[in-house]
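First up is the structure itself, then whatever we jot down about it.
The values are calculated or read from the model by the stated rules, or taken from the named source; none is laboratory data. Because the structure is a prediction, the values reported are computed rather than measured. These accessible areas exclude ligands, DNA and RNA; they are computed on the full protein's heavy atoms, side chains included. Shrake-Rupley method; radii C 1.70, N 1.55, O 1.52, S 1.80 Å.
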Amino acid sequence: MKLDRPLLKKIAFVIIILAVAPFALEVVLLADVAGAEFAVLFLIYYLKTDTYALIER
């Protein structure tokens, strides 16, 4: 089995979703409905304000 770029991206998205699952259940539900890629993008957008607040401190 060859690990090409698209397969590695999918594996990375699944790992990110599994890491976030205990903290943000809506990401898991979104991944089930819309797909892993969309769920990761939603997570980035969702955490953007928290990141800005952390950087500002």
Could you state the angle between the C-alpha long axis of helix 36-46 and the longest principal axis of the C-alpha atoms of the chain, as a value from 0 to 90 degrees rounded to the nearest 10?
-> 10 degrees
In straight Cα distance, which aspartates and glutamates are under 15 Å from Lys9, not counting same-chain residues fewer than 8 positions off?
-> Glu37
Percent of accessible area on the chain owned by carbon and sulfur, 1.4 Å probe?
-> 69 percent
